Amino acid sequence: MKHLFLTPLLLGSFLSIDFGGSLSKETTRWITPLNRQCIYSKRSLLRRRLFRLNSLLLKNINKIQIDQSNYAERSLIDVTGRKLETNPSLIVIHETVYGVNSVINTFQTFHPNDNDQVSYHMLVSEKGEIYQTVHSDQRAFGAGNSSFNGESVITKKGLASSVNNFALHVSLETPIDGEDNDEEHTGYTQEQYDSLAIILSMWMEDFSIPFDRITTHNFVDLSGSRLCPRSFKWSEVQSRLALLGKLC
């Protein structure tokens, strides 16, 4: 399955450049930009905002039904019959390139060809709204030919190996000036970073995922065609996850 941007979500061909990690090569190990940090101050305005949003946003997630061709159950075995762990153990951050509505429309479109099937578990709009398009227990098609520190799975004969069977995918809505092939854009809103941190915190807690297994599509991609997410600021994630107690 080819993931992430299909027609009309095709980015085009890029050099593989990482924003905060290392070059996306199968033999290169991920070095997380996040650092261990313990913050216990309850006076932080950002901390209070995050905890308030945490209770509000997670109760108001917009659950979207997408076409069944664009997601699947997590496979219990690979193509060789080897048993697989189905609990997610990796988080991959993406950007949409086009608006959330366009992405949802693509996810809701029937794609009979494996190479056209695509989805994420969560989308975050520029306003910070959260959309769930694939349940976390299921397999979203967010990264096609991909690997994380040598880890990948082939779930169907004829397809490239992928991280999808053990990954959770979240994508940030790209600002309008990023709907092109440029290497940078104006970046993401504070509301998006707030919602992203809450999603990451939830997944880290629910599935015992350590912070050094939060990565980018650009890093896991083996095709050399993904600059994703562009203009991403790890410092914004660092400060929020620290305040939420997830980096201690």
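To the nearest 500 deg cm²/dmol, what mean residue ellipticity at 222 nm is calculated for the chain from DSSP H runs of n ≥ 4 alone, each contributing -39,500 (n - 2.57), summed and divided by the residues?
Details: 5 runs with 53 residues, N = 248.
That calculation yields -6500 deg cm²/dmol at 222 nm.
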Checklist entry - Over the stretch 130-248, how many percent of alpha carbon pairs lie in each 5 Å bin up to the one with the longest distance? => result 2, 10, 19, 21, 22, 16, 7, 2, 0
Checklist entry - By residue number, which cysteines of the chain lack any other Cys whose Cβ falls under 4.7 Å from their Cβ? => result C228
Checklist entry - How large is the Kirkwood hydrodynamic radius of the chain, in angstrom, based on all distinct alpha carbon pairs? => result 18.0 Å
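Could you order peptides 229-239, 63-73 by the average number of other Cβ atoms within 10 Å of their residues, highest first?
Values: 229-239: 18.7, 63-73: 15.5.
Ranking, from highest mean packing down: 229-239, 63-73.
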Checklist entry - Where the centroid of each part is defined by its Cα atoms, how far is the stretch 54-80 from the stretch 170-248 in Å? => result 18 Å
Checklist outcome for this item: Taking r as the C-beta separation of K127 and L46 and R0 as 25 Å, the FRET efficiency to the nearest 0.05 is 0.90
Checklist entry - Between K83 and L53, how many nm apart are label points set 7 Å from Cα along the C-beta direction? => result 4.1 nm
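Could you order the peptides 139-151, 84-96 from most to least packed, using the average number of other C-beta atoms within 10 Å per residue? Intermediate values should be presented prior to the final figure.
Details: 139-151: 23.0, 84-96: 20.8.
Result, highest mean Cβ count within 10 Å first: 139-151, 84-96.
Give me the percent of DSSP beta bridges within the chain that run antiparallel, rounded to the nearest 5.
Given both bridge residues lie in the chain, the antiparallel proportion sits at roughly 40 percent.
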Checklist outcome for this item: Non-local residues with an amide H under 5 Å from the amide H of F148, with H modelled 1.01 Å from N and Pro and chain starts lacking one, are none
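If you place +1 on the Cβ of every Lys and Arg and -1 on the Cβ of every Asp and Glu, how big does the dipole about the Cα centre of the chain come out, in debye to the nearest 20? Write down the numbers at each step before the final one.
Numbers: 25 positive and 27 negative charges, 220 e Å.
So the dipole magnitude of the chain works out to roughly 1060 debye.
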Item to check | Label point distance in nm, Q68-F110, each placed 7 Å from Cα along Cα→Cβ | outcome: 1.1 nm
Item to check | Most positive-pole-ward Cα, G178, M204, F232, against dipole of the stretch 107-242 from beta carbon charges | outcome: M204
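So if R0 is 30 Å, what FRET efficiency would N60 and T32 give, r being the distance between their Cβ atoms, rounded to the nearest 0.05? Working shown, then result.
Working: r = 30 Å, r/R0 = 1.00.
Here the calculated transfer efficiency is 0.50.
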Checklist outcome for this item: The computed P(r) of the stretch 84-184 puts the percent of Cα pairs beyond 22 Å at 33 percent
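Where a number appears in this text, it was derived from the coordinates with a stated rule and is not lab data. Please read these numbers as outputs of a predicted model, since none were measured by experiment. Quick reminder, even Gly has a Cβ in these numbers, built from the backbone with ideal geometry, and neighbours come from all protein chains shown.
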